[in-house]
Structure formats: C-alpha cells, structure tokens
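The values are calculated or read from the model by the stated rules, or taken from the named source; none is laboratory data. Being a predicted model, the structure only gives us computed values, none of them experimental. So basically every Cβ, Gly included, is an ideal-geometry build from the backbone, and we count neighbours across all protein chains shown.
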Amino acid sequence: MALGFAEIVTILINGLVIASTLFIVASGLSIVFGVSRISNFAHGSLYMVGAYVCWSVMRVLPAGIMWFFLAAAIAAIAVGILGLLLEMTILRRLYHAPHHLQLIATFGVFLILRDLSLLIWGPQELFPPRVPGLSGMVRVFGRPFLDYYWVIIGASILILLLLLYLFHRTRWGILLRAATQDREMVAALGVDQKWLFTGVFLLSAVLAGLGGALDTLRVPASLGMDITVIIDAFAVVVIGGMGSILGCFLASLIVGILTAAGTILLPQVTLALVFIVMAIVLVVRPKGFFGKNTGASWEDPSSVEAVMRPAGSRARFAWMVLIGVLAVAPFFVSEYALDVLTETVILVLFAWSFYFMAGPGGMVSFGQAAFFGIGLYVPALLFKYYGISMVTGLLVAPLAAGLSAALLGWFAVRSSGIYFAMLTLAFSQILWSVAFQWFELTNGELGILGIWTEGWASDKRFFYLLCLAISVGGILLMRRVVFAPFGYSLRAGRDSELRSEATGIKIVRQKWVAFVISGVLSGIAGGLMLYLKGSAFPSYVDISTSFDAFVMALLGGLQSLNGPIVGAIIYRALKTTLQTHIYHWNMIVGAILIAIALFMPRGVSGLIEDVRKWRRPATPPSAVLLPAEAGVPKS
C-alpha cells in the first residue's frame, strides 16, 4: 500500500499521541523497577483508577480547559495517595522477597482494584463530557487533528524534561540513579532506603494516575484498560531498558508509531507488532536499548529451595490411595462435578509444566499460555480444515508445542530474570494477537467450535480417565527427571551458575531442554482442554491463562514437588466456589494472593511442612547423651 505525505503525517501525529500517554505511564513503571526492583503488575490498575477519578471529577466541575487540568491534577494526587498506601502496607514488606512473591502480590492488588472499580463505576464504558477548547480541530496538511492531541504531546515532553532535571540536577535524583546501579552501596552510605523507595513509588503512582487522567479524552474509562496499558508499558520499559528515562521515551515513540502505522497498513496484526519488536530487541540486546546491570539479578538467592528428596513409602501410599479414589470418582459424581474434576486434572498438568521450568529450572515465565494455546489451537485448526481425529490431535498437540518451545527457548534461555519473562510474554502475546485478529484463519473471538471427543472417549467418564492417566503419567515422568542426573544439574545451574559451569555443566543447554519439556507438557494439557471444552478461543492464549499457571504453582509452593498439584486443586476449587456464589469474587482471590505473598511465601506446601515441624516433639535436653553417659570414659 503506497502512502502519501498526508497519510505519513497522520501516522506520525497519531503515533505521537499514543506514545505520549504511554511514556507518562511507562516512565513510572521503569523508575520503580530500576530503583526498588519491584515488578508492579498493578501499575495499569493505577492508570485505570486515574481515568475513573478524572471522569468523576469532571462530572462535578464546570466545563473548560483549566477545569479539566484541575480534574487531572486531582486524579493524579488521589492515585498517588492510593499508591502510597499500597507501598506502605504491602510492598514495603516485600522489597527483599523473591520477585515472584512481589509479582503475585501486585497481581492480587490488580484483581482487587478491578473489582472495586466495577463496584463503584459499573461495567460500562464512561465517556467524559465535552471540554470547550480541547474538542476543536487543527488541520495539518489538510488532515484534522483534535486540539487535545497537542496538549498531551506537550505534557509528555514537559514531564520528560522534568524527570531529566529531577534525576540529574537534584540530590534526590542522584540518589535514585545511584540506587539503580548499586542500592547496597547507597544503604552503606547511610541513606534511608525505606523512604527513598516510598518516594519513588509515590512518583510512579502519580505518573500512572496522570496518564490515565490525560487519556480520558482519547479513550473512555473502562475496566479493560488496565491490562492493555500494563502489557504495553512493560513492553516499552523492556525495549528501552529498565530504569532508563530516555530509553523509555524512545521505546514509547517506537511503540506508538508502530501502533498507528499498523492500524492503517496491517490491521490484521496490529496487536502483534509491538511484541514482535520487543522480541527482536530482546534477542539482539537482552537488556534493551539503554539497559544496564542493576547490581542484583532478578532472581533472589533467598528463594533457593530446601533440598528435595524422593517421596517416602508413606507418601507414595497416600498418593496411590488418592489416585485410586480419583479413578473411581467418575462413576459416583454428577456430570457437572465430573466436568470440574476433569478440568482440574488438566490444570494440574498445566501447573506442573510451569513448575518444572520455574522450580528446578529457575526460569519464571510470563508466557506459559503460549504452549498451552499451541497445543489447543493446532489440533483445532487441523480439525477445521482437514477433519483430523481426536487421537491424531492429541499426538499433534505436544509435538507442535515442543517444536515451538525449542525455537523460542533457543533464544529465551540466553536471557534471565525479567528479560526472560518478558520474552516469553512477547511470544505468548504474538500468538494471542494472531488468534484474536486473524479472523480468516481462526474465526477470531468467535472461536473454533464443534470439536468433540469421539468413539469410546465420547463417554465423559472414560475421557476423564484418559486425562487422569496422561496427567499422572506426565507428572511421574517429570518427578523421575527431577531426581535424575539431568535434574540435579539443572538445579545446580539455577542455584549457582558460575560454579556449575566451572564443573563442566552446559547451563544453556540444560535450560533449553527443560524449556522444551515444559512446553511439551503444556501442549498436552492444551490438547486435552480442547477436547474437554469442544472449542478453541483466544482467551486460552492470553496473559490471564499464563497467570493462572503462575498462581497455581505459587499457591502450592515452588519449593515442593507436590506444590503445583495442591495449588491447582485449591485454586480451581476456590474459583469454582467463588464464581458460583459471589459476584465480586476477584476481590477475594486478590486478597488471598496478597496474604500468600506476605504470610505464606512457600505456599500451602510450605505451611504444611511448618505445621509438621511445629507438631514434631523436640528432643528434650535429658535425651542428649554426654560422652561419658554414652559409654565413653571420662578423661
């Protein structure tokens, strides 16, 4: 498609508007991670709350430019206070915790704020009232653009200059830059990091709220805007480099212009363009354009697990009894309960696939849904176009997921920490974009329907037994791998990469193999889910599915082989119960996730182990034999 000069100008100006809002929001996220190393998934929620508060204030104030700016300022301050409360009550207690606990806590905040917004403002999109002076048009080369566009572009440039001044010309900013490079040295110099981190989070929340408020004249306030902006903001921060304001600004320009150009030139892949660029940047420059070493890895040494041991005879007997009960359960439960039980068995396998990579492998992925979705969509597409059978589909699912994991893993395992997580997220979002936007191939959000089990498997009881057998077999095989030489070397590389390489272990190869195995397991789970549900939808590939795997594994505990099993069962039962009886169930799930991060860092399995130790009788002092009492003569 040939573009004229006017079309190019349209793309550039629309791209600048998108980039301006994105920079305001993403700059706060970048600052927080650069200084306090918090991966704040709730940052998008603060942006959403800013938009809602601005809308509410605008409904009360008179119409006018200055009144709109006052509403935006009030929204920014209100969100700043909210962010301050979150930091002081939750995040301050997690600064030295493993990053997966920080992420699960902020995800809990995300769920709570979304449900509170639903409770206060309702589910509908809220359009702000017209603002005189900002609703007119200015023509550039014959193309009309809203007056508001120039306001938000100017605001983003002003914020960029203020942030650069703050970071390079003030003592507080110099301390922030020093903390970004080496926060341990800053603490050794006597700087109170607690208030430094609090100030950073306050600034970040104000920027998020201001971005949401300024964006209300471009997009309506709605519940879905939180997840959209946080994914784009993470992409901007990673492309630009963690903690870099100039990098964040440059990445915002790239993302904004790409989005505007894709809307006109490539509407079928608009959503994927940003993540394609992010993936390319991370492969070429693993720390982004201006990223630097931050003085500590994303993984935390304190998260190293206790020594794993194979299950004892009692535990094996208990698991055999449980499997036996599950095997006869379908003949005694209702059809609805059987469907829930079948889905739970599949989710257990999916959670274990995440655990195998995140626990023994030490690779926390944000894109586990990618391989689950491949295992679901590839057989669905082959059925749609070629009518393949269920057996063939179940064989194709792990093969397709494994090949995809092999390709992505070849690049991903060379990154680590947040960069590894974001590269997997990019791949997952690319697949989601294809499933959502390529309507001719996948039917988009309408999904692929009518894919059911056949023959003997059409009986739900026998299909359940098939799922149970595959899940149990896959988990037993993975447990065997964990205690094989490969598993020991994988964990050695996770705990001490330098020592492992010094002993001759090929760390990158070990991680790559573990990545592929995890992808194969996820693909199997996706294939089973396809024939359970009889359909394939883009929602199975989006970030919420990846977070389900993340939450299930952490709920059970990453330090235990039984953790993902326990976590998947509890999480599925909890969601089923809450969804059935409570409308605002996300709020309760969010509170539970925060409680886990604060009070149960090793999950349910860790809590059970702590209770066992507490109940185990301590050895009394009188039972300790002195040498003479043990038959050794006194000297």
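Rundown of residues vs (1) crowded, with 17+ Cβ neighbours inside 10 Å; (2) touching a helix residue (DSSP H, G or I) at 6+ places or on another chain (Cβ under 8 Å); (3) in the same structural domain as S535 (by TED's automatic domain parsing); (4) within 22 Å of I276 (Cα to Cα), yes/no style:
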position	(1), (2), (3), (4)
F383	yes, yes, yes, no
G387	no, no, yes, no
M390	yes, yes, yes, no
A401	yes, yes, yes, yes
W410	no, yes, yes, yes
Y419	yes, yes, yes, yes
S428	yes, yes, yes, yes
F436	yes, yes, yes, yes
T442	yes, yes, yes, yes
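Within region 228-245, restricting attention to residues that are under 19 Å from F41 (Cβ atoms) and among the β-branched types (V, I, T), the residue that is surrounded by the most Cβ atoms within 10 Å (Cβ to Cβ) is V237.
The condition of being over 24 Å from the mean Cα position of the chain (by Cα), assigned by TED's automatic domain parsing to the domain that holds R93, without any contact (Cβ under 8 Å) to a residue 12 or more places away in the chain and outside any strand (DSSP E or B) holds for only one of I152, I174, I159, I120, that being I174.
Results for (1) over 30 Å from A329 (Cα atoms); (2) at pLDDT 90 or above; (3) not small (G, A, S), shown as yes or no for each residue.
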{"site": "V413", "(1), (2), (3)": "yes, no, yes"}
{"site": "S416", "(1), (2), (3)": "yes, no, no"}
{"site": "L423", "(1), (2), (3)": "yes, no, yes"}
{"site": "L431", "(1), (2), (3)": "yes, yes, yes"}
{"site": "I448", "(1), (2), (3)": "yes, yes, yes"}
{"site": "A469", "(1), (2), (3)": "no, yes, no"}
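Among residues that are surrounded by 24 or more Cβ atoms within 10 Å (Cβ to Cβ) and either modelled with pLDDT of 90 or more or out of contact with any Cys (no Cβ under 6 Å at 6 or more places or on another chain) (or both), M225 is not included.
If you go through region 446-492 and keep only what is in contact (Cβ under 8 Å) with a residue 60 or more places away in the chain, under 30 Å from T503 (Cα atoms) and either of a type in the set (D, E) or assigned to a loop (DSSP other than H, G, I, E, B) (or both), you end up with just F483. Out of curiosity, is I31 in contact (Cβ under 8 Å) with a residue 12 or more places away in the chain, surrounded by fewer than 24 Cβ atoms within 10 Å (Cβ to Cβ), on the phi < 0 side of the Ramachandran plot and not small (G, A, S)? Taking the combined requirement at face value, the residue does not satisfy it. Looking at this structure, is I588 modelled with pLDDT of 85 or more, surrounded by fewer than 22 Cβ atoms within 10 Å (Cβ to Cβ) and β-branched (V, I, T)? Yes; evaluated as a whole, the condition is true for this residue.
What tally of residues in region 23-55 results from selecting those that are part of a helix (DSSP H, G or I) and more than 12 Å from G212 (Cβ to Cβ)?
Within region 23-55, residues that are part of a helix (DSSP H, G or I) and more than 12 Å from G212 (Cβ to Cβ) number 11.
You will find that of F289, F275, the residue that is of a type in the set (F, W, Y) and assigned by TED's automatic domain parsing to the domain that holds L103 is F275 and no other.
Only one of the listed residues (L207, L258) is touching a residue at least 60 places away in the same chain (Cβ under 8 Å), part of a helix (DSSP H, G or I) and either surrounded by fewer than 22 Cβ atoms within 10 Å (Cβ to Cβ) or among the polar types (S, T, N, Q) (or both). That residue is L258. Within region 506-517, the residues that satisfy the criterion of being in contact with a Ser or Thr (Cβ under 9 Å, 6 or more places away or on another chain) and surrounded by fewer than 19 Cβ atoms within 10 Å (Cβ to Cβ) are K506, I507.
Output the number of residues of region 324-339 satisfying the condition of being within 20 Å of V566 (Cβ to Cβ), loosely packed, with under 12 Cβ neighbours inside 10 Å and hydrophobic (A, V, I, L, M, F, W, C).
1
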